[in-house]
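Below: one structure, written as structure tokens.
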Amino acid sequence: MNNIPQIMSGVYLTGHGGLDKLVYREDIPVPVPQAGEVLIEVKGAGVNNTDINTRLGWYSKKVTSDTNAGGREGLQEVDNDDASWGGVPLQFPRIQGGDICGIIVQVGEGVEPNRIGTRVLVRSMQNIPTKDNPLAMQTMGSEVDGGFAQYCVAKAKESFPINCDWSDTELASIPISYSTAEGMLCRADIQKETILITGASGGVGSAAIQLAKVRGAKIIAQCAPDKATALKELGADRTVNRTDDLVGILGENSVDAVVDLVGGSSWPQLLDILKPGGKYVASGAIAGPIVDLDLRSLYLKDLTLFGSTVHDPYVFENVIRCIEEGQIKPLVAQSFPLKEIHQAQTVFMEKKFIGKLVLVP
């Protein structure tokens, strides 16, 4: 593992905007691991909504559209000063890619050399608490370079060994989607209860189906009709159409919890279907971030609303355990060579698949 090149191929994000801001290069310097870090030869990197959102600058408070608006050409209203996860300017060029499966090929100072050769998954959203913000984090592919390249560096403590018979491509579909889903389930303490999962055919939604099933939940999955059968096979007990009148079909006060990845104009009905004392947890807004909230629904029904982004390492460890114990299965719809990232993101934005897309350097 000592034949590490000095340059590599990868994709630079050169600024906020359209697909043209993603530039494939073959002359990127291979990073060098510093103290407490490892160098990983990337074997696969999944595609996520956050890749699109970060490229577009969708996290900027000036943006109120859904996540696909301007996905190819870019958005008009973006404030570069608050267009990242953490609300601070992104540093360009940036190598994106928060889903990383690979092999440790070099270690920095203070890291045991016997870690070289280990296959790992990198925890994408990493806690870096500060005095003023105990929930501060850094995300692979956003605040630091990620996996859309042949090599990347990561903190040794955030690079988790994985022992299973899954392929590298299958494992590369896991980190962001499954840790986000598990984080939501942990935050809302989902147990053996009836839950609705919106956006259920996407990466996080399909992960939430599997992980909630492990917890013994009864799952109603909201999706397009042509994806219903596949989601039932994945573990959903029932499906509803994403355009359905949920109150008319499910009834008021019919579910214990809502796991929401969609938001948008139909959001108010999610509170209507929650039972008194019910729980709502969000970690996405692909249909739009601005919703109408009737505060009477919130306080008269004694509802609890959770936001879920940052989570402790045990959440990722839960996902690793579910893989190694065979409790969940991979769901990769398609893989692409890294140089075809424009095509991969185009397919991603069309939302005609179930599960995840993966890029292979």
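Is it the case that I100 is surrounded by 15 or more Cβ atoms within 10 Å (Cβ to Cβ), within 16 Å of C152 (Cα to Cα), in contact (Cβ under 8 Å) with a residue 40 or more places away in the chain and in contact with a helix residue (DSSP H, G or I) (Cβ under 8 Å, 6 or more places away or on another chain)? Explain how you work it out, then say what you get.
Working: surrounded by 15 or more Cβ atoms within 10 Å (Cβ to Cβ): yes; within 16 Å of C152 (Cα to Cα): yes; in contact (Cβ under 8 Å) with a residue 40 or more places away in the chain: yes; in contact with a helix residue (DSSP H, G or I) (Cβ under 8 Å, 6 or more places away or on another chain): yes.
Here the answer is yes, as I100 does meet what is asked.
Pairs, please: C-beta under 9 Å, at least 6 apart or cross-chain, first residue free of Cβ contacts under 8 Å to residues at least 40 places away in the same chain and in region 10-21, second assigned to a loop (DSSP other than H, G, I, E, B) and crowded, with 16+ Cβ neighbours inside 10 Å?
Taking only residues 6 or more apart or on different chains, the pairs are D20/G74.
Considering only residues of region 281-315 that are among the small types (G, A, S) and touching an Asp or Glu at 6+ places or on another chain (Cβ under 7 Å), which is surrounded by the fewest Cβ atoms within 10 Å (Cβ to Cβ)?
First, the residues of region 281-315 that are among the small types (G, A, S): 282-285, 287-288, 297, 307-308.
Keeping just the survivors that are touching an Asp or Glu at 6+ places or on another chain (Cβ under 7 Å) gives 282, 287-288, 297.
Numbers: A282: 24, A287: 21, G288: 18, S297: 15.
Checked region 281-315; the qualifying residue surrounded by the fewest Cβ atoms within 10 Å (Cβ to Cβ) is S297.
If the requirement is being over 28 Å from S124 (Cα atoms), polar (S, T, N, Q) and in a strand (DSSP E or B), which of these qualifies: T229, T239?
On the way: T229 fails: in a strand (DSSP E or B).
Being over 28 Å from S124 (Cα atoms), polar (S, T, N, Q) and in a strand (DSSP E or B) holds for just one of T229, T239, which is T239.
Evaluate the following for A221: is it in a helix (DSSP H, G or I) and small (G, A, S)? Outline the logic, then answer.
On the way: in a helix (DSSP H, G or I): no; small (G, A, S): yes.
In short, no.
When only residues in region 48-82 that are over 29 Å from A333 (Cβ atoms) and of a type in the set (S, T, N, Q) count, which is farthest from the chain's Cα centre (by Cα)? Can you show your working first?
Residues of region 48-82 over 29 Å from A333 (Cβ atoms): 60-62, 64, 76-82.
Still in the running and of a type in the set (S, T, N, Q): 60, 64, 76, 80.
On the way: S60: 18, T64: 20, Q76: 25, N80: 22 Å.
Out of the qualifying residues, it is Q76.
What do you reckon, is A181 crowded, with 24+ Cβ neighbours inside 10 Å and closer than 25 Å to G87 by Cβ? Show your work before the answer.
Working: crowded, with 24+ Cβ neighbours inside 10 Å: yes; closer than 25 Å to G87 by Cβ: yes.
Yes; evaluated as a whole, the condition is true for this residue.
Just to be sure I understand the filter: pairs with C-beta atoms under 8 Å, separated by 6 or more residues or on different chains, first member in region 57-81 and at positive phi and assigned to a loop (DSSP other than H, G, I, E, B), second member buried (at least 19 other Cβ atoms within 10 Å of the Cβ) and of a type in the set (V, I, T). Which pairs pass?
G57/V63; G57/V78
Every residue, every condition in (1) in the same structural domain as I162 (by TED's automatic domain parsing); (2) surrounded by 15 or more Cβ atoms within 10 Å (Cβ to Cβ); (3) assigned to a strand (DSSP E or B), yes or no:
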| residue | (1), (2), (3) |
| --- | --- |
| D256 | no, yes, yes |
| G264 | no, yes, no |
| L271 | no, yes, no |
| E317 | no, no, no |
| I320 | no, yes, no |
| I341 | yes, yes, no |
| Q345 | yes, yes, no |
| F348 | yes, yes, no |
| I354 | yes, yes, no |
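The values are calculated or read from the model by the stated rules, or taken from the named source; none is laboratory data. All values reported here derive from a predicted model rather than from experimental measurement. Methodologically, a virtual Cβ is constructed for each residue, glycine included, from the backbone with ideal geometry; neighbour enumeration extends over all protein chains shown.
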